[in-house]
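The values are calculated or read from the model by the stated rules, or taken from the named source; none is laboratory data. Note that this is a predicted model, so its numbers are computed, not measured. So basically every Cβ, Gly included, is an ideal-geometry build from the backbone, and we count neighbours across all protein chains shown. When the accessible area is computed, the model is the full protein with side chains, heavy atoms only, and any ligands, DNA or RNA have been set aside. Shrake-Rupley method; radii C 1.70, N 1.55, O 1.52, S 1.80 Å.
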Amino acid sequence: QVQLVESGGGLVQPGGSLRLSCAASGRTANNYARGWFRQAPGKEREFVAAVSWSGSSTYYIDSVKGRFTISRDDAQNMVYLQMINLEPEDTAVYYCNAGTLYSTTYYPGDYWGKGTLVTVSS
């Protein structure tokens, strides 16, 4: 069993930055690849970024490449999403997930956090 808790969301102006954190608990949490998803109002949840279980590989959707960076710190059981140059289109609830990365495709697992809201607005 893995429990995930996101934090770090908030209101930020366009062009601003935020760092989201995901704290994991459970003995096997570090054995999973980790992903970030987001769900904007009225839209389906979408994949944003993933990092392999070793931390050596990362993947992003095109719209966040060069602006978002995913990283993990297994000693602290943490995963981060550093976001810069935020745009109004990034407004969403961001969710952390523990899953599987096969080749370049991330397969979300059953473990989700409750999300943290990011609002980008002037």
Please get the size of the charge dipole for the chain, origin at its Cα centre, with Cβ charges of +1 on Lys and Arg and -1 on Asp and Glu, quoted in debye to the nearest 20. 160 debye
Work out from phi, with θ = phi - 60° and the Karplus expression 6.51 cos²θ - 1.76 cosθ + 1.60, the ³J(HN,Hα) of each residue of segment 100-106, listed in order in whole Hz, and give x for Gly and Pro. 10, 10, 10, 6, 10, 10, 9
With a 1.4 Å probe and every protein chain left in place, work out the accessible area per residue of segment 1-108 in Å², rounded to a whole number. 52 Å²
Considering only protein heavy atoms, with the full assembly of protein chains and a 1.4 angstrom probe, order Y95, Y107 by accessible area, largest first. Y107, Y95
Would you mind telling me the share, in percent, of accessible area of the chain contributed by carbon and sulfur at probe 1.4 angstrom? 47 percent
For the chain, the charge dipole (Cβ of Lys, Arg +1; Cβ of Asp, Glu -1; about the Cα centre) points to a positive end, and the Cα of G115, V5, T58 closest to that extreme belongs to V5
When all C-alpha to C-alpha distances in the chain are sorted into bins of 5 Å, what percent of pairs does each bin hold, rounded to whole numbers? 2, 13, 24, 26, 20, 10, 5, 1, 0
Exposure ranking of W53, W36, W112 by accessible area [1.4 Å probe, largest first]: W53, W112, W36
